[in-house]
Structure formats: C-alpha cells, structure tokens
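Laboratory data are not the source of any read-out in this text; all were calculated from the coordinates shown. No experiment lies behind these values; they were computed from the predicted model shown. Glycine gets a Cβ as well: all are built from the backbone with ideal geometry, and neighbour counts include every protein chain shown.
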Amino acid sequence: MKAEAVKNPRPAGRKGRLRATMKGSENPAQRIGGARRIVVKIGSSLIIDPAGGPREDWLASLAEDLAALHQAGKQIILVSSGAVALGRLKLGLGRSARLDHKQAAAAAGQAVLMQAWDRAFAPHGLPTAQLLLTFEDTERRRRWLNARATLSVLLARRALPVINENDSVATDELRYGDNDRLSARVSQMVRADLLVLLSDVDGLHSSDPARDPGAKHIPFVADLTAEILAFAGDAAALGFGSGGMRTKLAAARIASNAGCATIIGSGREHHPIRALLDGAKATIVAAHGTPARAYKQWIAGALAPAGTLTVDAGAAAALAAGKSLLPAGVVAVAGAFERGSCLSIRTQDGAEIARGISAYNSAEAEAIAGGASRDIEARLGYRGPDELIHRDDMAMVGA
C-alpha cells in the first residue's frame, strides 16, 4: 500500500511562524462584548483641537459610547492625556520643553481637562472621579494597594474614574513618559479584561501607512514577537501626543502578561467605540490567560515572601476550599513585613500551602492573630478588613 502524505499543520519557516502569530478570528466587537472591566486610553492628539482647547463634540460622542457600555453593566476606567497641552494654552507657555514649564502646564490644565470630561458625561448621569498617579504609585506595593482600593470603591459606586499621570510632580527620571504604559499598569492593577488604546491610527501595519501605500493592516496578534515589534518602527506620533506604535505594543505586552487583551484603534472620528462595535478596523493583541489567573501566578511564582503565617488545621482546610484567611486561624506570625507584602502560609508541620498579599503589617498581624474578625477594631484601634489575606489575593502552592 502506498503511504499517504501527511500534511504538517504547523507552518514552517520564519514567514510561517509570523503568519501563525497574526492568525485569529476574534474581532473588536466580540472582545468588547465579552469584557467586564475595560480601560480606555485617550491620547492628546484626539482630545486637543487645532487651537489648543478640548474637542468638546468629540468628547461628548465618546462619553455617549462609554455610557452605553456602562449601562450594559460594564465597568469603565478612562486614562486621559491632554492636561499639559490644555495648560500650555491657558498659561501661554507655547511648546516649551522645560520641565518646570511642563509641570506648571499640567497643574493648570488638569482642571480644564476634568471640567471637559464632567461636561461630556453629565447628560448621562455618570459621576467622574479624578485620580492622578505617579510612577511609584504602581511600582511600590503599598501605594499600588492604596490606588487599587480607591479604584475599587469608585467602580463599586458606579463612578467613572479618569486617570492621568501626575505630571505636575513627576520628574523625567521617574515617570511613565506616556499614558500608554500608564494605562497598561492600570489594567494590571484593576485586573481589566480589555485595554482599548485609541489613537490617530487604526492599528498596527506591516510598515508606516503614511509612507508606504502598500502597508498591510494586521488585525490580530497572538504573540508580540520580535518580527511583530519590528513593524512598529521607532517613530513617535506627531502632533500633541508623546507615544507611537512602539509604546502601544509595549503597553499591550504588559497588559497581555496580566491576562488583559488590547485593542489598538482609531479615535479620529466621532463615536470611536461605536465604530469598533460596527466593524471598524483595529488590531487586537491577545491576552495570555485571564487577569485572575495571571495575578495568582504572579503571587505564587514572582514574589519572594517577606514573612510567614502559620495556620491551624481548620484554616488550612478553609483555604483549600477557596476561603479567605481570617485572623482566627493564624497561630504564629514570623518576619517583619509591611501591608501589601507577599507572605508564605504554612501548616503547623511546616508545609507551605499558599502565598498571599497581607492586608496588615507584621505588628498588626501579631496583634489580631487568633482572634475573631469582630475583635480587630478593639485590638488595633481602627476597623480594618475582616480577612488577614483575602482569597482574591491568594494563590495555593502546595502539592
């Protein structure tokens, strides 16, 4: 019998690998429809009109789009540029590159920016809330937890947070530099399902479409390989913006590793989210896993425990069943640690069963260990969380 040829389902060679990286059937409408928590980043080039003021009509159209998503039960967080450009107009600073001029412009322009967003969302009854972050707010664990707690309360109250970098105090040596990266860190912080980067282009192309008429649009990216990153080039966007396609792909990588997909799409026209839902071209960068899984993996494998909590058999069984760690189940606290530190959770025979992010520092943990949650206020003098480590901030690591 003549042997039949067996087809290799895997594409061979560099071109085959590249095709596989760009192969996907998802579209922006499906991704937006399936997301529960969405971060939307708006670049300065979209917000600022040629005269240097806010594009009120455009902001109103985007607010209408986001209000519709909000009404559908989705949680929305805005990361909005534009304060520096608006402040330069207000103070008459022009395009000065001096750091102190830029910081002054940010201080003056942030109020103008928030007033514009308030006006845009007012017809929809959506309260907005300003949150200004610095680099250290997402890189230092305690400040990260404080920012996350603030955002959690705002989202629970059905408010719409508007986030920007605090350029009035940030320095060139310690800042994000662009809001693409900030939006990715925010997506990671709140465990968003989707990051939408609206800019002046409709996604990633094989080359710069402004210079190459033959540039091919890339609708889907499964992995941000070196070949894919090379498509972005090095040029930054012109106009008011500070980032380019390379910064957007860097942000997408941060988001992807946190289990969050990214859509890179155009915001030039009015109702940009509606356009994506109606089939407008964009690029989707796939997520690796889910936000919850990525966070648990990070806790389990990427953090070095700063201390140890020893728990009794009842607490160990409760953790195995998916429960939070309450103070009552803790029999010993070891190590000096701050709130937000990663701790190892061990049984009384020394076996590590979990790791988690502590809601209390070591002195507080020792004070409440073995007691009921209702006694926390009496022992500490203030009312803190009922859980020493919440189940959402815990990963089981035992065999």
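Kindly state, to the nearest 0.05, the FRET efficiency for residue 97 paired with residue 336, given R0 = 56 Å and r defined as their beta-carbon distance.
Computed FRET efficiency for residue 97 and residue 336: 0.80.
Among 262, 310, 347, which comes first, second and so on when ranked by fewest other beta-carbon atoms within 10 Å?
Taking fewest neighbouring Cβ atoms as first place, the list is 347, 310, 262.
Could you give the length gained on full extension between residue 373 and residue 57, defined as 0.36 nm per residue of separation minus the Cα-Cα distance, in nm?
Here the segment from residue 373 to residue 57 would lengthen by 108.6 nm.
Please tell me the relative contact order of the chain in percent, rounded to the nearest whole number, where contacts are Cα pairs under 8 Å and at least six residues apart.
It comes to 15 percent, rounded to a whole number.
Going by how many other beta carbons lie within 10 Å of each one, how would you line up 362, 256, 187, 96, fewest first?
96, 362, 256, 187
Amide H of residue 81: which non-local residues (sequence gap of 5 or more, or other chain) have their own amide H closer than 5 Å, using H built in the peptide plane?
Correct list: 42, 44.
Rounding to the nearest 20 debye, state how big the charge dipole of the range 16-289 is about its Cα centre with +1 on each Lys and Arg Cβ and -1 on each Asp and Glu Cβ.
For the range 16-289, the charge dipole is close to 700 debye.
Kindly work out what percent of the DSSP beta bridges joining two residues of the chain are antiparallel, to the nearest 5.
Of the beta bridges lying entirely in the chain, close to 40 percent run antiparallel.
Under a crude label model (7 Å from the Cα following the beta-carbon direction), how far is residue 304 from residue 274 in nanometres?
5.4 nm
For a test of the definition: using alpha carbon positions, the gyration tensor, and the 1.5 limit on a/c, classify the range 42-101 as rounded, prolate or oblate.
Prolate, since a/c reaches 1.5 and a/b exceeds b/c.
Nearest 500 deg cm²/dmol is fine: what mean residue ellipticity at 222 nm does the chain get from its DSSP H runs of n ≥ 4 alone, each adding -39,500 (n - 2.57), divided by its residue count?
Taken over the chain, the calculation gives -11000 deg cm²/dmol.
Which entries of 248/296; 41/296; 90/216 show an alpha-carbon separation above 32 angstrom in the structure shown?
Among 248/296; 41/296; 90/216, the Cα-Cα distance tops 32 Å for 90/216.
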